[in-house]
Amino acid sequence: MRKHLFALGGAGLLLGVSIIAAQAQIVPPTTPPDPPKFDAQGTPNFVGAKDLYEYGTLPEYHEPDFVKAFVDAERLPPIEERLPKEPLIFKSSNMPDGIGVYGDVMRHVIGGRPEGWNYMAGQSQGWGGIDMGTMECLTRTGPLFEIKADELAPLPNLAKSWEWSEDGHQLTMHLIEGAKWSDGVPFTTEDAIFYWEDNVLDPNVSPLNGATPETFGEGTTLTALDDYTLLWTFKEAFPKQYIYQMAYGTFCPGPAHIFKPLHPKYKAGATYDEYKNAIPPEYLNIPVMGAWVPVEYRPDDIVVMRRNPYYWKVDDQGNQLPYLNEVQYRLSTWADRDVQAVAGTGDFSNLEQAESYVEALKRSADPAAPARLAFGARTIGYTLFPNLSGNGWGEPDERQQAIRELNRNDDFRKAISYAIDRQRLGEALVKGPFTAIYPGGLYAGTTYYDKDSTVYYPYSLESAKELLKKAGLEDTDGNGVVNFPAGTAGGADVEITLLANADYQTDKNLAEGVIAMMEPLGIRVIANFLTGTQRDATEQAGKFDWRVARNGAELIAVVQNTVALAPTGPQISNSHRAGTDGTLDLLPWEQQLVDTVNAFIATDDAAKRKELMKQYQKLYTENLFGIGLTQYPGALIINKRFANIPAGAPIFMFNWAEDNIIRERVYVPADKQQNYELHPNTLPGAPGSAGAESL
Ligand code: GLA
């Protein structure tokens, strides 16, 4: 009754039309409040790319004594034969603590579980940096957090240099020459082409991290000119953006000599499923280009990795990297990763589940604490994503299809956004200045963020209810849950399933918060909490109405994985993929979103790019491609015995901290070394053999 009076007392008296009176109740969108002040601890030492590393030769090379013993026993070729013609040379002048010493272990704890080693066909290794220790990619972006703004561009890696043709349509890439996989087999363009042709381009294969042909631009081709030269051809001129996509995790070739013979194209009678699952985690010594090779696996217990004797990176005194002989991955939970890192029984954590911040801070404040903890910027963010496909992605049934239509309705998405009390949602995770109201899209505090281009629907249940009515939803049977209109899904209650990752308390808490906030709106939301790999598969398959998820890196740096900012290709977006007929039924504003992202990719002009990202932010937040929930800072926890941890290393920016800290360069000073190696004095054995080998 009061509401009614209020409406009449406002515009109602003059206009006397109830529908306008009703609309007057909708609180207008605004710009978001400024996030509470929270200073990041430690600023990077900004440098040029060439200050970090270059390729070249050195008068002599060194290796750990125990590795030299393998050479002396003729079990391993001499180091000069194992290294490429021109190894990648890290400059000691840029190392925070200088040249390191060999030995010790980084003890990781992870919540994921390895499915197997064929990440090219989509198998996860359990995350938490396991894959980053094994895979190397054409380019590298993790360390870009410390590269000067005017030199910001992907760093070389397996591709040591590249040049553009005059018209900008061709990019010639030179791979490191004479580098070898960890089993001694040469790494060549055959590995890159196998990844491209038989994994990225093969529609039956979905590589981990979602590389699709469009990840590198529609119509792009890749060929090998010789063993060490790749030729990219692009439709656009100078699409430099795609070089970022050649970094982790979308262009990291696996060993063709292992996987090619298993691929259905080359193995008569093999299925794609068999190809994907042919190399389970039990298969040890899978050849890698990364610094460490998996030599032991115990389900739900541990993965142990030993140094790769063929690793192709050195320091400028010729010491072959990595400095750490071993890395371990305890297979536990993500929350346990925080607990163990703080307690000193683990060595590393990305503190990212806000629920444990206060406790972790308290314990790390003690000067005797074994680990240091440093907060970065607010780059951990969560979004509620409605499934926007209306033409069959995920094969929806009648009810699900009716939800898809709702998801595609502007008033409906706005209603949901108005019904979310973001302040309360953030505070429910952690009290204090950590969380900030996040309307969606680019994060406050990042380079391309523009507050005035950010449309925020402030918490207002009234507005939400009005918009829901406009979307045609009313509680016709009086049971507290709104019904579809009579002609849709039999006029049933609106029930929506919400997919979230059960491996993280934060994901579950935020999803539960959303569920609770939908209740007064009369929308029944049912949790579908699945464990990591199952959740990922469900998302990839489009089998969800809504999902709550941690955002990808594209929303932070924008230049990394830019294609993922919108459904720029049929299989690129995790919220909107092509339907059963292979087409994307983009809504008009989604098409604008895609055009804006493509225009961003096509230009190098800094001013234009800034404008385009303002446009992007406006389109995203006004139309709610995703409904932002909260954003907050993460902290890197690292045991104090480690040296060469770069200042201001963020846990998540261009990549995760496992790559940002440049682990191959990290070491433990001699007086701090511990006897943590589980397989001391051993090296990886032959691919598929029982484990590490000793002399
Ligand atoms: C998981 C963790 C992150 C990070 C990444 C690395 O997603 O939650 O903190 O370790 O793995 O891939």
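The values are calculated or read from the model by the stated rules, or taken from the named source; none is laboratory data. Remember, predicted model here, so these are calculated numbers, not experimental data. Positions of Cβ are backbone-derived with ideal geometry, glycine not excepted, and every protein chain shown enters the neighbour counts. To get the accessible areas, we keep the full protein, side chains included, count just its heavy atoms, and leave off ligands, DNA and RNA. Shrake-Rupley method; radii C 1.70, N 1.55, O 1.52, S 1.80 Å.
Details
- Inspection of region 417-433 finds a residue satisfying the criterion of being out of contact with any strand residue (DSSP E or B) (no Cβ under 8 Å at 6 or more places or on another chain) and open to solvent by less than 20 Å² (accessible area, probe 1.4 Å).
- Extreme residue, surrounded by the fewest Cβ atoms within 10 Å (Cβ to Cβ), among residues of region 389-416 that are acidic (Asp, Glu) and more than 19 Å from Leu521 (Cα to Cα): Asp397
- Residue within region 266-277 that is open to solvent by 50 Å² or more (accessible area, probe 1.4 Å), among the polar types (S, T, N, Q) and under 27 Å from the mean Cα position of the chain (by Cα) present: yes
- Every listed requirement among (1) part of a loop (DSSP other than H, G, I, E, B); (2) in contact with a helix residue (DSSP H, G or I) (Cβ under 6 Å, 6 or more places away or on another chain); (3) of a type in the set (A, V, I, L, M) is met by Met132 save one, (1).
- Within region 96-119, considering residues that are among the aliphatic types (A, V, I, L, M) and more than 25 Å from Phe66 (Cα to Cα), the one nearest to the ligand (Cβ to nearest atom): Ile110
- The one condition in (1) within 28 Å of Thr189 (Cβ to Cβ); (2) basic (Lys, Arg); (3) surrounded by fewer than 23 Cβ atoms within 10 Å (Cβ to Cβ) that Arg140 fails to fulfil: (3)
- Odd one out for Asp397 among (1) closer than 30 Å to Gly628 by Cα; (2) in contact with a Lys or Arg (Cβ under 9 Å, 6 or more places away or on another chain); (3) of a type in the set (Asp, Glu); (4) away from the ligand (no atom under 16 Å from the Cβ): (2)
- Being open to solvent by 10 Å² or more (accessible area, probe 1.4 Å), assigned to a loop (DSSP other than H, G, I, E, B) and either of a type outside the set (Val, Ile, Thr) or away from the ligand (no atom under 16 Å from the Cβ) (or both) is true of Ala686.
- Qualifying residue in region 57-66 (condition: under 28 Å from the mean Cα position of the chain (by Cα) and either crowded, with 22+ Cβ neighbours inside 10 Å or modelled with pLDDT under 95 (or both)): no
A quick yes/no check of all residues on (1) out of contact with any Ser or Thr (no Cβ under 9 Å at 6 or more places or on another chain); (2) within 30 Å of Val558 (Cα to Cα); (3) in contact (Cβ under 8 Å) with a residue 24 or more places away in the chain; (4) not in a helix (DSSP H, G or I):
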{"site": "Tyr443", "(1), (2), (3), (4)": "no, yes, yes, yes"}
{"site": "Thr446", "(1), (2), (3), (4)": "no, yes, yes, yes"}
{"site": "Leu499", "(1), (2), (3), (4)": "no, yes, yes, yes"}
{"site": "Asn509", "(1), (2), (3), (4)": "yes, yes, yes, no"}
{"site": "Ala516", "(1), (2), (3), (4)": "yes, no, no, no"}
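- Remark: pairs (first residue in region 75-86, free of Cβ contacts under 8 Å to residues at least 24 places away in the same chain; second residue hydroxyl-bearing (Ser, Thr, Tyr) and open to solvent by less than 70 Å² (accessible area, probe 1.4 Å); Cβ separation under 8 Å; 6+ apart in sequence or on different chains) = Glu80/Tyr61.
- For Ala541: the one exception among (1) within 16 Å of the ligand (Cβ to nearest atom); (2) open to solvent by 20 Å² or more (accessible area, probe 1.4 Å); (3) in contact (Cβ under 8 Å) with a residue 40 or more places away in the chain: (1)
- Among the residues of region 466-487, those identified as open to solvent by less than 50 Å² (accessible area, probe 1.4 Å) and at negative phi are Glu466, Leu467, Leu468, Ala471, Leu473, Val481, Val482, Asn483, Phe484.
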